[in-house]
Amino acid sequence: MNARRLRASLRGWGGVGAMAVVCALAAVFALLLPVAQSRENDDGEPGGQRTAGGYQARAEDCTDPEKQSLSPSSGDQDGDTVQAIKDRGFLIVGVDQNSYRFGYRDPNSESDDAELEGFDIDLVHEIADKIVGEKPKNVRFRAIPTDQRIPAIQDGKVDMVVRTMTINCTRLEQVAFSSPYFETGQQVLAPKKSDITGLDESLAKKRICTATGSTAFDALDAARTAGTLPASADFEKRTVPNQLDCLVRLQLGEADAVVTDGALAASQAAQDPTVGLKGKPFTDEFYGVAMKKDADDLVRRVNQILVDYRKDGWQKSYDKWLAESLGESSGPPPVQYK
């Protein structure tokens with residue numbers, strides 16, 4: 001990976017490590033319910049969940065998934081999907097509320113109704129402002145566990161998901177993606193005092209936590225097949241609904257290591273100064289905005305918004321939320337459409 005590779009400095013976050021377990025355990029239950037950011041208290045939307053499956057299946061005839069999105073459209077002639085959102089008057093977006101610096105509620109806020117904030121949340125507001133218009137209550141957020149991102153889109157519970165979601169070939173068979181807006185890679189997170197050094201023999205007989213439906217599981221499976229992960233590493237039965245649950249298990253001593261996107265790992269290291277990144281990222285991955293497969297007009301519209309956002313808004317958001325833990329950035333990833 002080039003200069004956009006993660007250069008995480010493990011700066012602490014004002015005592016959050018001490019409260020992370022309590023906050024995260026409460027979040028596990030909160031994530032099962034729809035939530036709304038203070039722009040709108042979302043009451044009337046349908047609930048329920050469905051179990052996602054088949055994420056480990058291998059897609060055929062797919063290369064460079066980050067280059068498979070549709071070309072941008074300015075929205076001069078909006079299609080049915082975009083028009084329905086405009087007529088409704090607000091955008092419904094699946095997000096995370098526990099990924100520090102990407103999508104989270106500030107635990108230091110004195111308000112009982114702290115707003116969602118972070119890098120992904122900035123992008124959501126930009127999309128809502130451009131599609132619906134800059135007005136109050138133009139977006140409603142749904143807190144969605146990692147393993148419910150695709151079902152939420154397929155079942156029509158959200159218009160899109162903006163939640164550190166990697167574009168890959170298998171997912172392209174289930175949902176549509178925008179062009180990429182962030183580059184990262186899988187990385188190992190473990191206690192600083194641990195003898196773990198990265199994706200290598202130091203993971204032998206170690207308990208590795210991943211989030212169900214994440215690309216981390218596939219990456220570990222591929223690494224074992226390739227012989228870079230010891231056969232004795234235990235990860236198959238240590239998946240959790242949400243990535244933050246892995247940090248909790250690490251803190252409680254129920255896991256020896258976590259494998260997740262390096263950007264998220266760096267943010268978790270910033271939350272808890274007792275853990276750190278081990279070794280280098282061992283995959284190249286790109287985040288995209290996920291939408292329904294038949295929502296071509298929405299995909300094209302979002303891609304146009306991203307064209308404009310990359311010129312100015314992207315760097316401002318990165319500097320505000322991510323530069324402290326990831327270091328200086330050379331800008332958003334390059335874009336190529338199919």
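The values are calculated or read from the model by the stated rules, or taken from the named source; none is laboratory data. Since we're looking at a predicted model, the values are computed, not measured. For neighbour counting, all protein chains shown are included, and Cβ atoms are generated from backbone atoms with ideal geometry for every residue, glycine included. Ligands, DNA and RNA are excluded from the accessible area calculation, which covers all protein heavy atoms including side chains. Shrake-Rupley method; radii C 1.70, N 1.55, O 1.52, S 1.80 Å.
Once the Cβ-Cβ distance between Asp308 and Glu115 is put in as r, and R0 is 22 Å, what FRET efficiency do you end up with, to the nearest 0.05? List each step's numbers first, then the result.
Details: r = 24 Å, r/R0 = 1.08.
Efficiency, rounded to the nearest 0.05: 0.40.
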Once you have the Cα-Cα distance between Glu134 and Glu324, take 0.36 nm times their residue separation minus that, and quote the gain in nm to one decimal. 65.5 nm
How big is the convex hull of the Cα atoms of the stretch 178-332, per residue, in Å³? 121 Å³
Over the stretch 186-278, what relative contact order in percent results from Cα pairs under 8 Å that are six or more residues apart? 46 percent
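Need one number: the % of Cα-Cα pairs in the stretch 186-278 sitting beyond the 17 Å mark. Before the final figure, lay out the partial values.
Details: 1648 of 4278 pairs.
Of all Cα-Cα distances in the stretch 186-278, 39 percent exceed 17 Å.
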Show me the GluC sites (Glu not before Pro) within the stretch 249-333 that DSSP assigns to loop and that have at most 16 other Cβ atoms within 10 Å of their Cβ. Glu254, Glu328
Added length on full extension, which subtracts the Cα-Cα distance from 0.36 nm per residue, Gln315 to Gln77: 82.7 nm
How much accessible area per residue does the stretch 284-338 have, counting only protein heavy atoms and a probe of 1.4 Å, in square angstrom? 46 Å²
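Placing unit charges on C-beta atoms (Lys and Arg positive, Asp and Glu negative, everything else neutral), compute the dipole magnitude of the stretch 186-278 about its Cα centre in debye, rounded to 20.
Charge dipole of the stretch 186-278: 200 debye, to the nearest 20.
Among the trypsin sites (Lys or Arg not before Pro) within the stretch 191-297, which fall in a DSSP loop and have no more than 11 other Cβ atoms within 10 Å of their own Cβ? Please list the in-between numbers first.
Working: sites: Lys192, Lys193, Lys205, Lys206, Arg207, Arg224, Lys237, Arg238, Arg249, Lys278, Lys292, Lys293; in loops: Lys192, Lys193, Lys205, Lys206, Lys237, Arg238, Lys292, Lys293.
Counting only loop positions with at most 11 other Cβ atoms within 10 Å, the trypsin sites (Lys or Arg not before Pro) in the stretch 191-297 are Lys193, Lys205, Lys237.
Expressed in nm to one decimal, what extension gain is obtained for the pair Gln336 and Lys280 from 0.36 nm per residue of sequence separation less their Cα-Cα distance? Kindly include the intermediate steps, with their values, before the conclusion.
Numbers: separation 56, 0.36 × 56 = 20.16 nm, distance 2.62 nm.
Between Gln336 and Lys280, full extension yields 17.5 nm more.
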